[in-house]
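The values are calculated or read from the model by the stated rules, or taken from the named source; none is laboratory data. Just so it is clear, the structure is predicted and the values come from calculations on it, not from any experiment. Cβ placement follows ideal geometry from the backbone for every residue including glycine, while neighbour counts extend to all protein chains displayed.
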Amino acid sequence: MSVIAIVALMVIVMLAGGFYVGRARAIGAVNGNTVRLHSLPNYHGYYVAIWTGLPAFLLLAAYGIFGGQAVERLTFSELQREASALNARLEERLLSDAEYEEFRGAALQLRERVNAIGDDMQRLRSARGEERDPARLEQLQQEQREALNSATAAEEAAIGRRAELVAAVGSEAEAAGASMRQLAGFELVQAPREQRQLFLSDAMQIANGALSSRESAELNAAARIVARYQDRIRYFVAVLALVFAAGGLLRTRSQVIPDFRARNHVERLITGLLLLSSVLAILTTVGIVFSLLFESIRFFSTVPVSEFLFGLQWSPQIALRADQVGQSGAFGAVPLFAGTALITLIAMAVAVPIGLLSAIYLSEYAGPRFRATAKPVLEILAGIPTVVYGFFALLTVGPAIRGLFTWLGFDDVVTQSALSAGLVMGVMIIPFISSLSDDVINSVPQTLRDGSYAMGATRSETITRVVMPAALPGIVGAILLAVSRAVGETMIVVMAAGQGANLTANPLESVTTITVQIVMLLTGDQEFDSPKTLSAFALGLVLFVITLIMNVIALRVVQRYREKYD
Amino acid sequence: MPDNQSHILDQNAGFGETEPPIKVAARDVCVAYDGKQALNHVSIDIPDRSVTAFIGPSGCGKSTFLRCLNRMNDTIEGARVTGSLKIDGAEVNDKSIDPVVLRASVGMVFQKPNPFPKSIYDNVAYGPRIHGLALSRNDLDGIVESSLKKAGLWEEVADRLNDPGTSLSGGQQQRLVIARAIAINPEVILMDEPCSALDPIATAKIEELIDELRENYCIIIVTHSMQQAARVSQRTAFFHMGTLVEFGRTEDIFTNPRDPRTQDYITGRFG
Ligand SMILES: Nc1ncnc2c1ncn2[C@@H]1O[C@H](COP(=O)(O)OP(=O)(O)O)[C@@H](O)[C@H]1O
Ligand SMILES: [Mg+2]
């Protein structure tokens, strides 16, 4: 068992002990006459227990969250220090290396030239009248492209030369008997940034006894440093946690006197704890939204917002030319919006009438015994995993629809169609609507029904003219919530609607939705900054905005309704 | 059986020649909810064109008896009504009587104002519409206006007939509900504690209204306020534990009750 786990157990034991100590001391302070205490003895116990456990556990939690990072930082800076001698030697060599200096100088000059040409072009573009010379502009463009290519080549040559020198310095140092730690530091510091991270995480893995992707003497040296820091931090945290716990126990124990307002303190601590939890939940949501937002902004820097929102062509897969950033396919999301709308519409056309009518039957007509069985059964429908609905749609409903429409004389009907996905999604949403509407209808006050019956209205008149209008806002709310579920539903559509991004209103064709495309874009091997991958975030943002608007409206509507009949 | 025959009106001598005709005649009406007896052998004769007050402690069966009169007990599961109950000589509990038709002639006002989630106009037009009483929009406008006038609400709402009924104050809502009830020309109006949710000023208005309506309707009102019963009613019936204890002219009941239980109740010794 690790030290930390042992310490956590000890803190728990101290916490329980603290409770009894606080309690016993409170009772003892008044010789058992607990009426004289300001707070019940248990509150004194809780107070001591909380101050024994809370700081220690917060410390342990902080260790859990930030411990790894701290070890990494410390290891890195130590290795950096180790590498300083070799770094200095490398700098010397670079300065005296004619080849490297030449490449670097050339690269700098070429870059300057590229910029200068760029300025010229800018001047030419903003010029008017005779000054405007398209031929000249084209020529400049050509020149700039050539300069850019040469600059890149020079930079690459410089980098290559530098790598050679790094290798040379490294092997010389090794031959001269430099320590493994020095070499490890040198390798780490001279590596490109993304490889540094890899080096460190490999070292951490080795230190923790896990398998790492590669192994070398340098890595092992780094791993030993990692292990040393890990141990140090671990023991430091363990001791500190015990000190916190013991200190808290001793300090609060002495506070227990009859007049001590333990109840108020405990209440305040509990309030704080609850506040912390809700703040955490909110912060998480905000964090997710912001990450969506930032990635979307990155995406929109390559694909304009207007093209994304209004473009009619969606084909993110086709990369026209590998080296052209932002040109890999078309990112017009309208077909996805249309597909989402079509499937949602079909699903609602199924779910709203059936769900509503069954809710009316359940709440107004069904006897208590039927209601008691039917309602749970309907709610079980809501508990079926959507993937089950998905293969029901794919294997049963899809072929049935194709069979039916082929028989009716349509040709080329596909199995994966908007219709089959929409129908099955509608079935999935029925219990959602019926259950919510049933609650809403039930909460229409009985006095309204009585009033209507007493006017000589029949049951159906009462339902259509009084109960439904009274329940309408709540039902609208239920439907809007159902719509936002339908918009966000993924599994059924992935399986049953096909993947063709067709812009069509024909429910027999296959369509694709926002959610399906997000799945497609992010599954499989992806580079994480290609516009193709980033477009998933933009789609996610759109989805978030749609469902947010829908939920806000739904909540508003429901709230208005609540105000009226409480 | 206790002397339930004594509650029949013709035994209350001394009303003189202004005696209005009997509107509602109940004989041995019993009601049980799920087998639990709530009303025991109630016999009573209620005259037309006057206000009859039902008083008695909570749970003694006043509302239950009111619900017999428009067969609202039909809507309660497990309620069983026996005995004879005649309105204008026609048996209410008869199988051939359609409760929908019956309720068109027996209006009801509830304890808590319950305007429908509709406009003021549509609330009043509700009954005429479902019973097909208005032949044209003009007819309907006329019915709505005259009902609101009879309920003493016209002045206050004439310029906002399209506002929701729930936007009115509690007292206005209760008068709206009364207008809704009289829009279908009932003969009997049942009021179950119509003022218990209202402030004294709104209550005074409703009482005034009841006094006016008395000229054209047979009104039965349940109330917990002795003063109210004394102010608005001509006759008072005292119920206790599911039985009708005493029934007679209001001033007799309040000044000279015959039963000690009535005496205790009106002097506030229990209830
Ligand atoms: N819907 C019902 N179901 C079952 N019991 C009821 C119902 N309504 C009234 N009761 C019972 O019948 C009795 C009389 O009730 P009620 O007529 O409402 O009294 P009151 O109106 O005089 O206060 C009470 O004991 C009450 O519990
Ligand atoms: Mg009652």
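Couple of notes before you dig in:
- Condition met for B:Asp264 (among the charged types (D, E, K, R), touching a Phe, Trp or Tyr at 6+ places or on another chain (Cβ under 6 Å) and within 16 Å of ligand 2 (Cβ to nearest atom)): no
- Test: residue in segment A:381-401 that is within 14 Å of another protein chain (Cβ to nearest Cβ) and either surrounded by 18 or more Cβ atoms within 10 Å (Cβ to Cβ) or over 34 Å from the mean Cα position of the chain (by Cα) (or both): no
- A single entry from A:Ala501, A:Ala457, A:Ala505, A:Ala471 fulfils the requirement of being surrounded by 20 or more Cβ atoms within 10 Å (Cβ to Cβ) and more than 14 Å from chain B (Cβ to nearest Cβ): A:Ala501.
- Hey, A:Asn442 out of contact with any His (no Cβ under 8 Å at 6 or more places or on another chain), in contact (Cβ under 8 Å) with a residue 60 or more places away in the chain, under 25 Å from A:Pro376 (Cβ atoms) and more than 14 Å from every other protein chain (Cβ to nearest Cβ) or not: yes
- Residue that is modelled with pLDDT of 85 or more and over 19 Å from the mean Cα position of the chain (by Cα), where the choices are A:Arg459, A:Arg485: A:Arg459
- Any hit, segment B:86-100, residues being touching a strand residue (DSSP E or B) at 6+ places or on another chain (Cβ under 7 Å), small (Gly, Ala, Ser), more than 16 Å from ligand 2 (Cβ to nearest atom) and at pLDDT below 95: no
- The set of residues in segment B:185-210 that are closer than 25 Å to B:Asp45 by Cβ, more than 16 Å from ligand 2 (Cβ to nearest atom) and within 14 Å of the chain's Cα centre (by Cα) comprises B:Pro186, B:Glu187, B:Val188, B:Ile189, B:Glu207, B:Ile210.
- The set of residues in segment A:232-290 being loosely packed, with under 14 Cβ neighbours inside 10 Å and either among the small types (Gly, Ala, Ser) or on the phi > 0 side of the Ramachandran plot (or both) consists of A:Ser254, A:Gly272, A:Ser277, A:Ser278, A:Ala281, A:Gly287.
- Against the list (1) within 16 Å of ligand 2 (Cβ to nearest atom); (2) at pLDDT 95 or above; (3) within 23 Å of A:Tyr453 (Cβ to Cβ), the condition B:Val144 fails is (1).
- Single residue of segment A:474-486 satisfying the filter (of a type outside the set (Val, Ile, Thr) and crowded, with 22+ Cβ neighbours inside 10 Å) that is farthest from the other protein chains (Cβ to nearest Cβ): A:Ala486
- Pair list, Cβ under 6 Å, 6 or more apart: segment B:205-229 residue on the phi < 0 side of the Ramachandran plot, other residue in a strand (DSSP E or B) and within 15 Å of ligand 2 (Cβ to nearest atom): B:Ile220/B:Leu190; B:Ile221/B:Ala53; B:Ile221/B:Met191; B:Val222/B:Phe54; B:Val222/B:Asp192; B:Thr223/B:Ala53; B:Ala229/B:Ala53; B:Ala229/B:Ile55
- Residues located in segment B:211-225, provided they are away from ligand 2 (no atom under 16 Å from the Cβ) and out of contact with any Pro (no Cβ under 8 Å at 6 or more places or on another chain): B:Asp211, B:Glu212, B:Leu213, B:Arg214, B:Glu215, B:Asn216, B:Ile219
- Scanning segment B:51-80 for residues that are modelled with pLDDT under 95, of a type outside the set (Asp, Glu) and away from ligand 2 (no atom under 16 Å from the Cβ) yields B:Arg71, B:Gly78, B:Arg80.
- Residue satisfying all of: in segment A:319-361; hydroxyl-bearing (Ser, Thr, Tyr) and under 20 Å from A:Met520 (Cβ atoms); modelled with the lowest pLDDT among these: A:Ser328
- Helices (runs of 4 or more DSSP H) within segment A:171-279 that include 3 or more residues modelled with pLDDT of 90 or more: A:217-255
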